[in-house]
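Everything on this sheet refers to the single structure shown next.
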Amino acid sequence: MSEAPRVAIIMGSQSDWPTMERAAQMLDKLEIAYDARIVSAHRTPDRLVEFAKGAEADGFKVIIAGAGGAAHLPGMVAAMTHLPVLGVPVQSRALSGQDSLLSIVQMPAGIPVGTLAIGEAGAANAGLLAASILSTSDEALAGRLKALRAEQTASVAERPSST
Ligand code: RP5
């Protein structure tokens, strides 16, 4: 894909990638260019500041941020940019992602993070939601998104098949 990436997928750790890859796969399916990066709020705070403050100038339109545990990444990024930030709570080992969810969703008024479901479904839906946001100013993408939804609807059988 030669188009400049419009979506940034950031995550707190390499260990988040199997989850966040679901967002990337959705963007691939919809032919949306993205850049995936590891940016940790706790382990690489300077990288976080540099990324968040430069995101608009770098051409990003939407940021998908996934993190687990004490998941400060989406909120900290949202604090430093006006771009839409979609937060994905990664399923943690200790508390099954409930900690991640609560860390991401409970933002104070004024700094929004659009919080998705815990885990892979949340990551896939973050990709779709990023596409929806971009589709409001991109007719070709809106067409691809509608086609994907129609395909999904058509794939659901009316009755269960026997196993
Ligand atoms: C968070 O800590 C990351 O987002 C990850 O979900 C979690 C665990 O990270 P690792 O110890 O696996 O690197 O910052």
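The label-point distance for Leu83 and Val105, in a model that sets each label 7 Å from Cα toward Cβ, rounds to 2.6 nm. Taking Ala57, Ala71, Ala41 in turn, the Gaussian network model of the chain (Cα-Cα springs below 10 Å) assigns the largest fluctuation to Ala57. For the chain, the spread of Cα positions along the three principal axes, ordered from largest to smallest, is 50, 38, 30 Å.
Where nothing but the Cβ of Lys and Arg (+1) and of Asp and Glu (-1) is charged, how large is the charge dipole of segment 7-154 around its Cα centre, in debye to the nearest 20?
Numbers: 11 positive and 14 negative charges, 42 e Å.
My answer is approximately 200 debye.
How would segment 12-59 be classified by its alpha-carbon gyration tensor: rounded, prolate or oblate, with rounded meaning a/c under 1.5 and the a/b versus b/c comparison settling the rest? The shape class here is oblate.
Taking 35 Å as R0, compute the FRET efficiency from the Cβ-Cβ separation of Asp138 and Thr44 and round it to 0.05. Write down the numbers at each step before the final one.
On the way: r = 32 Å, r/R0 = 0.91.
In this case the efficiency is close to 0.65.
Under the simplified labelling scheme, the Arg37-Ala150 pair shows an inter-label distance of 3.8 nm, with each label point 7 Å from Cα along Cα→Cβ.
How large is the dipole of segment 70-163 about the Cα centre if only Lys and Arg carry +1 and Asp and Glu carry -1, each at its Cβ, rounded to the nearest 20 debye? Please list the in-between numbers first.
Details: 5 positive and 6 negative charges, 17 e Å.
Computed about the Cα centre, the dipole is about 80 debye.
Descending by average beta-carbon neighbour count within 10 Å, the peptides 109-117, 27-35 line up as 27-35, 109-117, the highest first.
Every number here is computed from the coordinates shown, using simple stated rules; none is lab data. The shown structure was predicted, so the numbers you read here are calculated from the model rather than taken from an experiment. Please note: Cβ atoms are built from the backbone with ideal geometry, for glycine as well, and neighbour counts cover all protein chains shown.
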